[in-house]
Amino acid sequence: MDPTTDNAGPSESPGTARDSLEALRAEIAKAVVGQDPAVTGLVVALLCRGHVLLEGVPGVAKTLLVRALASALELDTKRVQFTPDLMPSDVTGSLVYDARTAEFSFQPGPVFTNLLLADEINRTPPKTQSSLLEAMEERQVTVDGTPRLLPEPFLVAATQNPVEYEGTYPLPEAQLDRFLLKLTIPLPSRQDEIDVLTRHAEGFNPRDLKAAGVRPVAGPADLEAARAAVAKTTVSPEITAYVVDICRATRESPSLALGVSPRGATALLATARAWAWLTDRDYVIPDDVKALALPTLRHRVQLRPEAEMEGVTADSVINAILAHVPVPR
């Protein structure tokens, strides 16, 4: 049987898939300046079939980043602006009555896409926020008792503003735990900001990515091959124990009211395997775990009020734990 026509398996080799995913950074850089860590985080989430919470002040290219990623991966993307009056059916879809046939037909909502940008997710009430839970966890939407599968791959990239809390509905811990990664999008450096303004002065239009030269450099076949390769990445018992020790240490930290659950430990192991594969290794080392600890765990812990008043942050607590937990040799 010709492997290039066999639909049962990936059409790309793991090496080719890695090269294609590495090329994403250069391609997205044509539209987004200086956000390599966020690009890598989104690729890791795709490899792990997870979802991402993007946190940053307005105007740091969170929306542009997701759109550029979708263009470079040749994936379908939709954007939903979350507002206080948004209804669950506005996200998932609903049954619509057709007078010509006297029957109800399902009208898919924007969640039926590959990359869903949930813009300012904390501005909509919990009822609408929870409409994404089934889609994120089960990769399906149930309307009128009928489950409908979502496309593959499927990733929710939700954004929230960290500095403005008036009129918002903070995500509960149970929903935060559904996100594989929480990526912080920082303000650009001085030189990066100069580059951004220079591009705009030269006619760059963020709404026209084709004119910016962004082209597909990878696709679903590459992701499928990459996921198969990541699943074969070796994890030694010592690395597994290291991940467990880190997560257990968060539960014993005096600065935290809530530590990382076993789901969080599983997530850290998965993201470390994906990062190891992306760095061209077929085994996980402690540095892989350390590299993904902050984005994987920072939203799964809850600070005690007294620690928060003293200026302690989730990142500082996790960094202190990483410094004290013995590293396997």
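The values are calculated or read from the model by the stated rules, or taken from the named source; none is laboratory data. Just so we're clear, the structure is a prediction, and the values are computed from it rather than from any experiment. We place every Cβ from the backbone using ideal geometry, glycine too, and count neighbours over all the protein chains shown. Surface accessibility is based on the protein's heavy atoms, side chains included, excluding ligands, DNA and RNA. Shrake-Rupley method; radii C 1.70, N 1.55, O 1.52, S 1.80 Å.
For the chain, take N as its residue count and report Rg(C-alpha) divided by 2.2 N^0.38 Å.
Rg over 2.2 N^0.38 Å, computed on Cα atoms: 1.04.
Quick query: amide H of Leu258 versus all other amide H atoms, modeled in the peptide plane; which residues come in under 5 Å with a sequence gap of 5 or more or a different chain?
Answer set, sorted by chain and number: Gln302.
Please give the charge dipole size of region 45-140, origin at the Cα centre, charges +1 on K and R Cβ atoms and -1 on D and E Cβ atoms. Round to the nearest 20 debye.
On the way: 9 positive and 12 negative charges, 41 e Å.
Dipole size: approximately 200 debye.
Pairs Lys78/Lys210; Lys62/Lys182; Lys78/Lys182; Lys78/Lys127; Lys62/Lys232: which exceed 23 Å Cα-Cα?
Listed pairs above 23 Å: Lys62/Lys232.
Near the amide H of Gly93, under 5 Å away, which other amide H atoms are found, from residues 5 or more places off or on another chain, if H is placed in the peptide plane?
The list, which skips near neighbours in sequence, is Gly109.
Beyond 13 Å, how much of the Cα-Cα pair distribution for region 127-177 remains, as a whole percent? Don't skip to the answer; put the middle values down first.
Working: 841 of 1275 pairs.
Result for the distance tail: 66 percent.
With the other protein chains left in place, how much accessible area per residue, in square angstrom, belongs to region 179-278 at a 1.4 angstrom probe?
On a per-residue basis, region 179-278 sits at 51 Å².
Given a 1.4 angstrom probe, I'd like the percentage of the accessible area of region 161-272 that is carbon and sulfur, rounded to a whole number.
56 percent
Taking the Cα-to-Cβ direction at Thr146 and at Glu22 and moving 7 Å from each Cα, how far apart do the two end points lie in nm?
4.7 nm
Rank Ala211, Val196, Leu269 by how far each Cα sits towards the positive end of the charge dipole of region 187-329 (+1 on Lys, Arg Cβ; -1 on Asp, Glu Cβ) and give me just the farthest.
It is Leu269, whose Cα lies furthest towards the positive end.
What are the ³J(HN,Hα) couplings of region 318-329, residue after residue, when phi is run through the Karplus curve with 6.51, -1.76, 1.60 and θ = phi - 60°? Round to Hz, x for glycine and proline.
5, 4, 5, 5, 4, 6, 9, 6, x, 8, x, 9
Are there any trypsin sites (Lys or Arg not before Pro) in region 32-102 that are in a DSSP loop and have at most 13 other Cβ atoms within 10 Å? List them by number.
Arg100
Over the chain, calculate the relative contact order: mean separation of alpha carbon pairs under 8 Å at least 6 apart, over the residue count, as a percent.
After rounding, I find 22 percent.
Could you run the Karplus curve 6.51 cos²θ - 1.76 cosθ + 1.60 with θ = phi - 60° over region 31-44 and give me ³J(HN,Hα) per residue in whole Hz, x for Gly and Pro?
Once θ is set to phi - 60°, the couplings for region 31-44 become 10, 10, 9, x, 10, 4, x, 5, 4, 4, x, 5, 5, 4 Hz.
Using DSSP to define loop residues, name the trypsin sites (Lys or Arg not before Pro) in region 230-262 whose beta-carbon has at most 14 other beta-carbon atoms within 10 Å.
Lys232
Kindly report, to the nearest 10 Å², the accessible surface of Ile194 as traced by a 1.4 Å probe over protein heavy atoms only.
The accessible area of Ile194 comes to roughly 70 Å².
Among DSSP bridges having both ends in the chain, what percentage is antiparallel? Round to the nearest 5.
Percentage antiparallel, nearest 5: 40.
Can you pull the three principal axis extents for the Cα set of region 129-278, in Å, largest first?
53, 43, 40
If you take the C-alpha gyration tensor of region 37-184, multiply each eigenvalue by 5 and take the square root, what semi-axes do you get, largest first, in whole Å?
So the equivalent ellipsoid measures 26, 18, 14 Å along its semi-axes.
Return, for the Cα atoms of region 240-302, the radius of gyration and Dmax in Å, separated by a comma.
11.7, 38
Semi-axes, largest first, in whole Å: what does sqrt of 5 times each Cα gyration tensor eigenvalue give for region 178-267?
Details: eigenvalues 305, 111, 25 Å².
Equivalent ellipsoid semi-axes, largest first: 39, 24, 11 Å.
Could you give me the ³J(HN,Hα) list for region 211-219, computed from phi with Karplus coefficients 6.51, -1.76, 1.60 and θ = phi - 60°, whole Hz, x at Gly and Pro?
5, 7, x, 6, 10, x, 10, 8, x
Considering amide H positions built from the backbone, and no H for Pro or chain starts, which residues 5 or more places from Leu155, or on another chain, come under 5 Å of its amide H?
Excluding prolines and chain starts, which carry no amide H, the hits are Leu115, Leu116.
I need the GluC sites (Glu not before Pro) found in region 197-244, filtered to DSSP loop residues with at most 16 other beta carbons within 10 Å of theirs.
Details: sites: Glu202, Glu224, Glu238; in loops: Glu202.
Hits after loop and neighbour filter: Glu202.
Using a 1.4 Å probe, how large is the accessible area of Lys182, given in Å² and rounded to the nearest 10?
For Lys182, the solvent-accessible surface is approximately 40 Å².
Residue farthest toward the positive end of the dipole of the chain, with Cβ of Lys/Arg at +1 and Asp/Glu at -1: which of Ala118, Pro162, Pro58?
Of the options given, the answer is Pro162.
Using 0.36 nm times the number of residues separating Asp85 and Tyr283, minus their current alpha carbon distance, what extension gain do you get?
Contour length minus the Cα-Cα distance gives 66.5 nm.
Would you please state the base-10 log of I(q)/I(0) at q = 0.11 1/Å for region 219-329, with intensities from the Debye formula using one equal scatterer on every alpha carbon?
Normalising to I(0) and taking log10 leaves -0.37.
Could you give the size of the charge dipole of the chain about its Cα centre, using +1 on the Cβ of each K and R and -1 on the Cβ of each D and E, expressed in debye and rounded to the nearest 20?
So the magnitude is around 200 debye.
In angstroms, what radius of gyration and Dmax does region 203-253 have, counting Cα atoms only?
Using the Cα atoms of region 203-253, the pair Rg, Dmax is 20.5, 54 Å.
Calculate the dipole size of region 252-329 relative to its Cα centre from +1 charges on Lys and Arg beta carbons and -1 charges on Asp and Glu beta carbons; express the result in debye to the nearest 20.
Rounded to the nearest 20 debye, it is 240 debye.
Cα centroids of region 272-300 and region 46-89: how far apart, whole angstrom?
23 Å
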